[in-house]
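Some notes on the structure that comes next.
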Amino acid sequence: MTRGTMGEGTGLARLQAEMARQGADALASLTGNAVVAAELAASIARTGSLVLVGMGASHYVNRIVEPAWRKAGVDCRAETAGDILQQDLPVRPRTLVLVSQSGESGEILQLLDRLPHNSDLFGMTLAPQSTLGRTLPCLIGAGGQEVAFAATRSLTVTLALHAAALAVHGVGEEDLAAMLATPPLPDVDAALAALASKTSIIIAGRGELRGLAEASGLILMELARIPAFGFEFGQFRHGPLEALAPELGVLLLRGPGSLSAGTVTLAKAAAGAGSPPVIFDCSGEATIDGAVTVSFPPREGLGAVAAMLPALQKLIIAIAGRKVTGVGEPVRSTKITGIDHEA
């Protein structure tokens, strides 16, 4: 799929259509996967280890929920399918969940040919008739496969699929459901004014918001075609601060409690380098002088992610609209990345 295969404006229209129904589809996904979610929870209880496997945006959703599983007492880690193909996994009992919105990602298909098919292999997909959907017991996202180029609805729906599994494991996510049903939609015009002229952007967060920062960086690169990087707050401090400059935009995702630690330091560093930061803030704490703050209701965990995600999507698409023509119409990429035969 290239820009030449779409009519002008089609990419943006597809993005907007996906986002318009993502909340309803996510809520349906949260409540419609009880059987496989129970099987997955039983497997995790049996093996004591959970590995979440994906590529692209699917990997970053796994990175979002990784801390939630750990808080639930599960030995969990998120790995890219590409790394597992190269390095394999140590031989020991574990539960693997292969995540692919299309169910046809090249690296996922290669793993399906290599991993033993047993009760400790599961999938998550929006495409039940895909290779992944037909091969493994899968949690299925409502609404069918995503058609827009960059991940929007698929992020939200896959987040809900993970929440369905966490709920069976005993982790309630009432805040997530509330945010999916009625997401806050704060004004992002000031944030857009602060970031639209930047030649590159760093997005950072802690805990579950770390994965959201990484996912947002990917989407911004895809749509605006500028360098954009997602970091954990500490990783931002360990070296990347040297990149701070007036032309570098900084977007900080601030959560409550310990997830807020480091926000003031990073905000002051960015402002001191001539680039006042934008802060998406659901901490409930006082705003930081010199920053452009987009405020959300105080939330933590996956509820904080669901609260911020629609506004982040709106902001990223608006930035892209200032940078490129044909937003959402890829030049060099495809929606579904197949097998790399040169690998």
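The values are calculated or read from the model by the stated rules, or taken from the named source; none is laboratory data. Predicted, not measured: the structure shown is a model, and the values here were computed from it. Here Cβ is always computed from backbone atoms with ideal geometry, including for glycine, and neighbour counts include all displayed protein chains. Heavy atoms of the whole protein, side chains included, go into the accessibility calculation; ligands, DNA and RNA do not. Shrake-Rupley method; radii C 1.70, N 1.55, O 1.52, S 1.80 Å.
Quick rundown of the values:
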quantity	calculated
Cα-based reach from K323 at 19 Å (exclusive), listing aspartates and glutamates while leaving out same-chain residues under 8 positions away	E8, D189, E222, E247
Label-point separation in nm, T265 to A34, each point 7 Å along Cα→Cβ	4.7
Zone of S258's modelled label, taken as backbone nitrogen in segment 182-223 under 18 Å from a point 7 Å along Cα→Cβ	205-212
Average Cα contact separation per residue, the chain, under 8 Å, 6 or more apart, as relative contact order %	22
Directionally averaged projected area (convex hull, Cα atoms, segment 196-341), nm²	9.3
Listed residues E107, E247, E18, most fluctuating in the chain (Gaussian network, C-alpha, under 10 Å)	E247
Contour minus Cα-Cα distance for A181 and E79 (0.36 nm per residue)	33.7 nm
Candidates V36, V292, V324: whichever shows maximal mean-square fluctuation once the chain is modelled as a Gaussian network with Cα springs under 10 Å	V324
Ellipticity estimate at 222 nm from DSSP helix runs (n ≥ 4, -39,500 (n - 2.57)) divided over the chain, nearest 500	-14500 deg cm²/dmol
Segment T199-A20, length gained on full extension (0.36 nm per residue, minus Cα span)	61.5 nm
Along principal axes, Cα extents of segment 47-158, largest first, whole Å	37, 31, 24
Rounded to the nearest 10 Å², the accessible area of E208 at probe 1.4 Å	10
Inter-part distance where segment 104-157 and segment 198-236 are each reduced to a Cα centre, Å	25
Most mobile listed residue (L115, L253, L50) in the chain, GNM with C-alpha springs under 10 Å	L115
FRET efficiency, 1/(1 + (r/R0)^6) with R0 56 Å, evaluated for V331 and D289 via beta carbons	0.85
Amide H within-cut-off set for L50, under 5 Å, with H built and near neighbours excluded	D75, C76, R77, T95
